Each structure stands twice: as C-alpha cells, then as structure tokens.
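Following: one structure in structure tokens, then a few remarks.
The values are calculated or read from the model by the stated rules, or taken from the named source; none is laboratory data. None of the values given here were measured: they were computed from a predicted structure. A quick note on method: Cβ atoms are made from the backbone with ideal geometry, for glycine too, and the neighbour counts reach across all protein chains shown.
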Ligand code: B12
C-alpha cells in the first residue's frame, strides 16, 4: 500500500471508519451507468471507506462536543473525518459520499463489491466475510495515482436462498413500494432480513445504532 493511501486509511480507521479497500476507477465505472461514474482516469485509484459498529462511540462523542446536534450527525461526522484524513493530499481528485444525492451519487455497494471489500447480495446488502451485513459504506476517495492490480470480487459468504431470501420476499410483499417511508414503517421486517444472515452475527450493531439508522431515533446519551 502506498504511503498516501496508508496515511488516509489509518487516519479514517482511528476515527471509526475501520473498513477500506482499493480499486481502479475504471473497474467500477465499467459496471455502473454513466450518471454514477467516478471522476478520474480509468487507472486512477479509489479507496472505498466504510465502517462497522466501531464508529458508534465516535458519533456519540462528536455529537456531545457540538453546541447543538447537527441535523445528520453520522454524515456530518464522516465528512469531518475524511476532510481531515485527506487534508493536504495533493493527489486528491474527489471524495464522493454515500449520502450524496444525484448527480453526485455513486453506487457504493457496487464499488465495495468490485474492490473485494464485501459481496453484494440479493438482499441489497453488502456482506463482509467477517462482519456480515453489519457494515455501512461511507465514501469513495479518488486519487490521482495508479491503482494496484484488480482484486477478485469475493465469493458469496452465505447461502441467501435459505437465509435472507424468504424474509426479503416477505418484506417486499408487505411494501407497496420500496422507499424510505415504507422501510421505516415496516423496519422490523427489513431488520429481520438482515438478522437472518448467518455471517458476522457477533458484530451486530447495538439497538441504538440500529434504531438510529432504520427509524432515526436519537440515542439518549447524545444529549446527556
Ligand atoms: C437510495 C437508497 C436506499 C433506498 C433504495 C430504494 C431505491 N430504489 O432508491 C431505500 C430508502 C429503500 C433504502 C433502504 C435501506 N438502506 Co439504503 N441506500 C440508498 C443509497 C443512498 C443509494 C442507492 C442507489 O441509488 N445507488 C445507485 C444505484 C445506481 O446503484 P444500484 O446498485 O443499482 O442501487 C440500487 C440498490 O442500491 C437499490 N437499493 C438500495 N437499497 C435497497 C433496498 C431495497 C429493499 C431494495 C429493493 C433496493 C435497494 O436501489 C438502488 C437503485 O435502484 C445507498 C448509498 C449509495 N450511495 O449507494 C444506501 C445503502 C445501499 N443503504 C443501506 C442501508 C443499510 C439501508 C437500510 C438497511 C436502512 C439503513 N439506512 O440502515 C434500508 C433497507 C435496505 C435493505 N437492503 O435492507 C446501506 C447498505 C450497507 C450494506 N451493508 O450494503 C447503503 C450503502 C448506505 C450506507 N451508508 O451504508 N436505501
């Protein structure tokens, strides 16, 4: 790993953004439609950054240090960590956050799959070989430097047909459409599907992290 990449990923990891993998811009752009393309040359390097439950204590600390809680604490925290990790980096082309809307949106699950960080499953969740579905994907950092040789996408680490697929079918059958309002109103079904994955169960998020992400509940210790 180059020193530039090493510096960025260790700074992110120290702040709870503990997952990363590299890919070339071209390998990702080859599998997504043009509006979701990353900038840079085909051989430019991109780092996909994510997190496990390790981020959660950092978010609490961050929120408690603010004069008033920011409207999107996780997104605001992630931006501040990556801004600091990439500050002064002369090779930086762009950072695309998972939470950005079109036209800056990227298909970050496909990037994580292409980079060999996690396997994109039929449940529409990326499954990490250790942490299972208990990961989030946060940003793609694009650098003007050559990417290392491509890695193979991971093999499926689980058997979806007997684990999540029946629960995905149930959740979809109960939803008139799949949008944030409908996931929120039947969030326990979507959570049951995630819980059905046999991989990474001991890395499951705590309840407050789960409820924040599915229904937006603010943990009580953020305000104390
Ligand atoms: C939009 C979106 C949604 C929409 C998707 C509906 C739609 N068709 O637009 C809704 C609101 C339903 C949703 C729900 C959830 N999402 Co969502 N979502 C996204 C977001 C912001 C963009 C997806 C996108 O448009 N990609 C671009 C297109 C071109 O790429 P694509 O591969 O073709 O993407 C398609 C799929 O991603 C699909 N999709 C995404 N989520 C879901 C969920 C279901 C049930 C279905 C049927 C399809 C679907 O919709 C996209 C367009 O059709 C991504 C972050 C990102 N930038 O990718 C997070 C993301 C995919 N979501 C994520 C999560 C965790 C969830 C939830 C569990 C709730 C939550 N926040 O914790 C729920 C339930 C999903 C589940 N599988 O259980 C994580 C997945 C992490 C992982 N391990 O893979 C991501 C990566 C965000 C993150 N920061 O980590 N999501």
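Checking the condition assigned to a loop (DSSP other than H, G, I, E, B) and either in contact with a helix residue (DSSP H, G or I) (Cβ under 8 Å, 6 or more places away or on another chain) or surrounded by fewer than 21 Cβ atoms within 10 Å (Cβ to Cβ) (or both), which residue from 152, 209 passes?
The match here is 152.
Take the range 41-73 and flag every residue that is in contact with a strand residue (DSSP E or B) (Cβ under 8 Å, 6 or more places away or on another chain) and part of a helix (DSSP H, G or I).
55, the sole residue that qualifies.
If residue 158 satisfies every condition in (1) in a loop (DSSP other than H, G, I, E, B); (2) surrounded by fewer than 20 Cβ atoms within 10 Å (Cβ to Cβ) but one, which is the exception?
So the condition that residue 158 fails would be (2).
Please determine, by comparing only the residues of the range 21-39 that are surrounded by fewer than 18 Cβ atoms within 10 Å (Cβ to Cβ) and assigned to a loop (DSSP other than H, G, I, E, B), which one is farthest from the ligand (Cβ to nearest atom).
Restricting to residues being surrounded by fewer than 18 Cβ atoms within 10 Å (Cβ to Cβ) and assigned to a loop (DSSP other than H, G, I, E, B), the top hit is 39.
What number of residues within the range 170-196 satisfy the criterion of being exposed (fewer than 15 other Cβ atoms within 10 Å of the Cβ), part of a helix (DSSP H, G or I) and near the ligand (Cβ under 10 Å from one of its atoms)?
The total comes to 4.
Of all residues in the range 99-149, how many are touching a helix residue (DSSP H, G or I) at 6+ places or on another chain (Cβ under 6 Å), more than 6 Å from the ligand (Cβ to nearest atom) and at pLDDT below 95?
Final tally of qualifying residues: 0.
For the range 38-61, which residues satisfy the criterion of being farther than 16 Å from residue 213 by Cβ and over 17 Å from the mean Cα position of the chain (by Cα)? Spell out the reasoning first.
Going residue by residue through the range 38-61, those that are farther than 16 Å from residue 213 by Cβ are 38-49, 61.
Within the range 38-61, 39, 40, 41, 42, 43, 44, 45, 61 qualify.
Could you list, in sequence order, the residues of the range 1-27 that are closer than 17 Å to residue 50 by Cα, out of contact with any helix residue (DSSP H, G or I) (no Cβ under 7 Å at 6 or more places or on another chain) and without any contact (Cβ under 8 Å) to a residue 40 or more places away in the chain?
6, 10, 13, 14
Confirm whether residue 179 is at pLDDT 95 or above and within 19 Å of the chain's Cα centre (by Cα). Before the answer, list the steps.
Details: at pLDDT 95 or above: no; within 19 Å of the chain's Cα centre (by Cα): yes.
Here the answer is no, as residue 179 does not meet what is asked.
List pairs: first in the range 179-200 and under 11 Å from residue 215 (Cα atoms), second more than 10 Å from the ligand (Cβ to nearest atom) and assigned to a loop (DSSP other than H, G, I, E, B), Cβ under 8 Å, 6+ apart or cross-chain?
182/176
Those residues that are within 20 Å of residue 221 (Cβ to Cβ) and touching a helix residue (DSSP H, G or I) at 6+ places or on another chain (Cβ under 7 Å), I need them from the range 59-88; list them, please.
59, 60, 62, 63, 64, 69, 70, 73, 74, 77
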